[in-house]
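Report on one structure; see the data block that follows.
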Amino acid sequence: MRRRALVICLALTACAGVLGLSRSGPQPFPHRKHATAGIACTRCHVGIDASPSTLHLPDDTACTTCHTKPHNQGACLGCHAAPGALAELAEARDHLVFDHAVHAAPSRGDCMRCHVGIADGDDHLRPPMATCFRCHDHDAARDARRCDACHRGLEDTRLLPQSHLAHDGDWMREHGTRAAASGDSCQSCHRESFCADCHGKTAPALPATRRFADPFGASVHRAGFTARHSLEARAEPGACTTCHSPDRCAACHTSRGVAGDQRRSPHPPGWVGPAAADNEHGRQARRDPVACASCHDGAGQSLCVGCHKVGGVGGTPHPPGWSSRLPMGALPCRLCHTPGRSP
Amino acid sequence: MRRLLAVAAVAAASRADADPLRLRADALSTTAAPAGLLTLEADGSPGPGLAAEAVVWTGSLADQARGDVLVIALRAHTADGRASGRIGRFVESLGALRPIHVDGAAGRVYLPLQLAVEAYAGVPVVPGLATARAWSWATGGRIARGLGDAGSIGVAYTQQRDDGRLTSEELGIDAGTALGKSDDLGAKLAYDLANPGIAEVTASASHRSGALRSELYVSHRAASHLLPATSLFSVLGDVPAERAGAVATWRCAPRLDLVADLGARRVDRDVAPELVVRARLRLDDLGTSALTGELRRDGVGSDMWTGARGAARIALPHALAVTTELELVIPDHDRGLGAVWPWGLAALAWDDGTWQAAVAVEASASPQDRRRVDVLGQLSRRWGSR
C-alpha cells in the first residue's frame, strides 16, 4: 500500500513537472522579494534611465554587489530568470524602438507604472501594447497601419498578436475570414512571399514540403495529404480553387498517369447512360463542377455539349429558375444555344 | 522634453528604415518530385519608404529543368504611411474576394474619417511557359471604413476579362470587429455578379476567457460560382457545400494545450459530422521540444475517413533536433485502394541561426503508391536577419 502511494506520488510529481505545473530548472527572477526589501529597480538595472539606454539585463556584477558569496560560478541569470523572459528581451532589443531614458521622467521613476505585475514573476517582462496606449496616442499610426514607429522589422520577429487576430485555434482555416477585413494589418508582419508561398500559382512546393523537418509549422497539405487529397477535395467542393487553377488537377493526374489516357475512363460504372439510374455524372457535376472543369473545360466541353445542347438527348443542365446576365451569343451559352434558334 | 522625444523618434525611424538586405537560399533535394529545388529569396529597403522583395526558384522534375518567379515586388509608401503602392508580381487579396496571383500594380490610400481606398490591376500569373488561362486581365477595388480600435468594414469589387469577354465579376463585403478585450468577429461574403448568386460566405466569432478560447464558425461555398463565367460548368446551378462548428482551445497546463473541433459538413444531400481532437505538450518552457497527437473524423458521404497523427520534436545539444511525424488514415470505403494509408517521416535537423540543414526519410502507403520510401535533404543559408 505504501509502495503504491509512493509510485502515485512520484508519477504525479513527474506529470506536474512535464506539464509545467511545477518548475524545475531556471526559476523566474524574484522581483517581488527584492522590491519588498526596498531595493530600487535602478540599483540592479544600473544606467537604465540614462540616455541612450538599450534594453538590458543586469549582469553578475550587479548581483554580487549584495550577494557577495554566490553559491556557484555560473551566470546568475542562467538559473534566476525564466527562459522565456530572456528570449523575449533579446527579441525586443532587436525589434523594438524603445528608450527607457525617455520614459523615466514622465513615469517619475515609477517602473511599476508600465511593468504592472512584474512582482508576480518575470514571465512577461515586456508590458503589453495596451500599456503604451494609456499615454501614447496611436490613432494616426493605427489608421495608416504604421507599426514601424515602435516596431522594427516585425517580419523577422516571432511575435504573435496577443489579443485581437490571435493566431490560435485553427488559424489555417480561420485566417481567410479574419484577413478579409484586416489585410493591411497582415502586411505589418508578413512579406509578400508569405501569402504567395501557398496562394502563388508559381509556388514550386508548399512550406510543409520545403520545411519538412518542422512538424509544428502551420501549413496546408501536411503529412500524408497526397493519400487523402481526393477525400478532402470531395468534402470541400471548390476549395482547391482558392489556390489552384482548375487545370492543376488534370496536369498532376496526367503526369502521374491517373488521367489523360484516352483509352480508359477514370469514371465508375453508371457514370453516363441512357437511363436515369445510369447518370451519376449529373449529380456529381452539380456537387463539384470544378472537378469536371479540371479535365473537360475548354475544348473538352464538346463532350458535354454533344448531349446537352438545345434539342439534345441530355436535356437542360440548368436547375429550375436559373438565370444569367450573359447574352446568349456569349460563352458558354452559345455552345448549346445556337444563335437564331429558340432557346 | 518634446524636442528630446522628437529626436528619439527620428533616430528610431532612421534605424527602422535602414534595414539591411536580407537573403536566403534554400536547396531541397528529394527522391520524389521535385527531385531538386533551389529557392532564392531577397528583400531589403533600397531607400526610405521603399521595400523590394523577390523569390525565384529553379528545379528539376523528371529530367526537365524548370524555374519561375514566385514574387518580385517593389513597395513604396509616403512618409506618413497614408499612401502606399506595389508593383510587380504579388498575391492580391481584396477583402472578401479570393486572393489572386498577378503581375500588376496595386495602391492604397488612407483618407480622413478612417476611410481606406485600394485598387489593383494586373494580368494573371501563369506557371512556366504555359499559356492556358481563364482570364487575361483583372481589375478591382475596395473601400473600407475603420471602426477605431474595434475593426473595419469594407466593400470590394473585381472583374476579370478574357479577350474582352467577362469571365468573372464579384462583389465582396467584409467585416471584422473586436468587441472588448476578448471577443472577435469576422465575416465575409462574395457575390457572383456574372451568374447572380452567393459564391462564398464565411463567418467566425471567437471568445477568450483566461486559458480558454472558443470559436464558432460557418461557411457556405457554391463551387459553380468559383468557375469563370465562360465555363460550361458554371451553368449547373448552386449546390453549396456548407460547414459549421465550434472549436475550443484550452491551455489546461502551462505546457499543455488541448484543442477540440466539433462540427458538421453538408454537401448536396450528404450531411456528416466532423471531429478533431488535438493535444500539444511542450517539453520545455520555450517549446523547442514538443509532442502533439491528433485524432480526426472527416469527410462526407462515402468519402468519410478517420485519421490519427502524431509528431514530436526533440531538441538535442549542438543545435540539433530530431523530428518525427506519423499519420494513419482509414477510409470508410477503401474502394480497393488499401484499408489503411500510413505515412511517416523521421528527420534530423540542424540550425545554428545562419545555416540550416536537415535530412529525412519519408515512407508511405497510399492509393497512389502501394509502398514508397523517399529521402529528403535540405540546406539553407541566411544572410541578414531573415
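At-a-glance table
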read-out: Failed item, numbered, when B:Asp68 is tested on (1) without any contact (Cβ under 8 Å) to a residue 24 or more places away in the chain; (2) facing chain A (nearest Cβ under 9 Å); (3) touching a Pro at 6+ places or on another chain (Cβ under 7 Å); value: (1)
read-out: Filter result (surrounded by 17 or more Cβ atoms within 10 Å (Cβ to Cβ) and either more than 17 Å from B:Ala190 (Cβ to Cβ) or facing chain A (nearest Cβ under 7 Å) (or both)) within the stretch B:238-249; value: B:Val239, B:Ala241, B:Gly245, B:Val247, B:Thr249
read-out: Per-region count, the stretch B:68-112, residues in a strand (DSSP E or B), over 20 Å from B:Lys188 (Cβ atoms) and not β-branched (Val, Ile, Thr); value: 20
read-out: Top-ranked residue in the stretch B:219-237 [being at the interface with chain A (Cβ under 9 Å from one of its Cβ atoms) and farther than 13 Å from A:Val290 by Cβ; ranked as modelled with the highest pLDDT]; value: B:Ser219
read-out: Filter pass, B:Ser93 being in contact with a strand residue (DSSP E or B) (Cβ under 6 Å, 6 or more places away or on another chain) and at pLDDT below 95; value: no
read-out: Criterion (exposed (fewer than 14 other Cβ atoms within 10 Å of the Cβ) and not acidic (Asp, Glu)) met by exactly one of A:Cys76, A:Cys44, A:Cys15; value: A:Cys15
read-out: Residue satisfying all of: in the stretch A:164-213; assigned to a loop (DSSP other than H, G, I, E, B) and among the charged types (D, E, K, R); farthest from the other protein chains (Cβ to nearest Cβ) among these; value: A:Arg211
read-out: Only one of A:Ala105, A:Ala149 that is surrounded by 15 or more Cβ atoms within 10 Å (Cβ to Cβ) and small (Gly, Ala, Ser); value: A:Ala149
read-out: Index of the failed condition, A:Gly169 passing every other in (1) buried (at least 19 other Cβ atoms within 10 Å of the Cβ); (2) at pLDDT 80 or above; value: (2)
read-out: Every residue from the stretch B:151-170 that is within 9 Å of chain A (Cβ to nearest Cβ) and among the basic types (Lys, Arg); value: B:Arg165
read-out: Tally of residues being outside any strand (DSSP E or B) and under 18 Å from B:Ala339 (Cβ atoms) across the stretch B:274-317; value: 4
read-out: Search result, residues across the stretch B:302-325 that are over 30 Å from A:Pro83 (Cα atoms) and buried (at least 19 other Cβ atoms within 10 Å of the Cβ); value: B:Asp303, B:Met304, B:Trp305, B:Gly307
read-out: Sole residue being within 30 Å of B:Ile153 (Cα to Cα) and touching a residue at least 40 places away in the same chain (Cβ under 8 Å), chosen from A:Arg134, A:Arg191, A:Arg178, A:Arg145; value: A:Arg145
read-out: Where a residue in the stretch B:330-347 is more than 14 Å from B:Met304 (Cβ to Cβ) and its partner, wherever it lies, is polar (S, T, N, Q) and part of a strand (DSSP E or B), with Cβ under 6 Å and at least six apart; value: B:Trp343/B:Ser364; B:Ala346/B:Thr324; B:Ala347/B:Thr323
read-out: Residues being more than 8 Å from chain A (Cβ to nearest Cβ) and outside any strand (DSSP E or B) - total across the stretch B:134-147; value: 3
read-out: Matching residues in the stretch A:110-159 - criterion: being in a helix (DSSP H, G or I) and among the polar types (S, T, N, Q); value: A:Thr131
read-out: Every pair of residues 6+ apart whose Cβ atoms lie under 6 Å, when the first sits in the stretch B:299-313 and is more than 7 Å from chain A (Cβ to nearest Cβ) while the second is surrounded by 21 or more Cβ atoms within 10 Å (Cβ to Cβ); value: B:Gly307/B:Val329
read-out: Search result, residues across the stretch B:355-386 that are in contact with a Phe, Trp or Tyr (Cβ under 8 Å, 6 or more places away or on another chain) and in a loop (DSSP other than H, G, I, E, B); value: B:Ala365, B:Ser366, B:Pro367
read-out: Test result for B:Gly338, on the phi > 0 side of the Ramachandran plot and buried (at least 19 other Cβ atoms within 10 Å of the Cβ); value: no
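Residue-by-condition table, conditions (1) of a type outside the set (Gly, Ala, Ser); (2) more than 21 Å from A:Thr131 (Cα to Cα); (3) outside the structural domain of A:His34 (by TED's automatic domain parsing):
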{"residue": "A:Ala82", "(1), (2), (3)": "no, yes, no"}
{"residue": "A:Leu86", "(1), (2), (3)": "yes, no, no"}
{"residue": "A:His95", "(1), (2), (3)": "yes, no, no"}
{"residue": "A:Val102", "(1), (2), (3)": "yes, no, no"}
{"residue": "A:Ala105", "(1), (2), (3)": "no, no, no"}
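Condition check ((1) modelled with pLDDT of 95 or more; (2) more than 30 Å from A:Gly84 (Cβ to Cβ); (3) in a strand (DSSP E or B); (4) within 9 Å of chain A (Cβ to nearest Cβ)) across all residues:
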position	(1), (2), (3), (4)
B:Thr177	no, yes, yes, yes
B:Leu185	no, yes, yes, no
B:Ala194	no, yes, no, yes
B:His207	no, no, yes, no
B:Tyr217	yes, yes, yes, yes
B:Cys252	no, no, yes, yes
B:Asp257	no, no, yes, yes
B:Ala264	yes, yes, yes, no
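The values are calculated or read from the model by the stated rules, or taken from the named source; none is laboratory data. Treat the numbers as computed from the prediction; the structure is a model and nothing was measured. Using ideal geometry, Cβ is built from the backbone for each residue, glycine included, and neighbour counts are taken over all protein chains shown.
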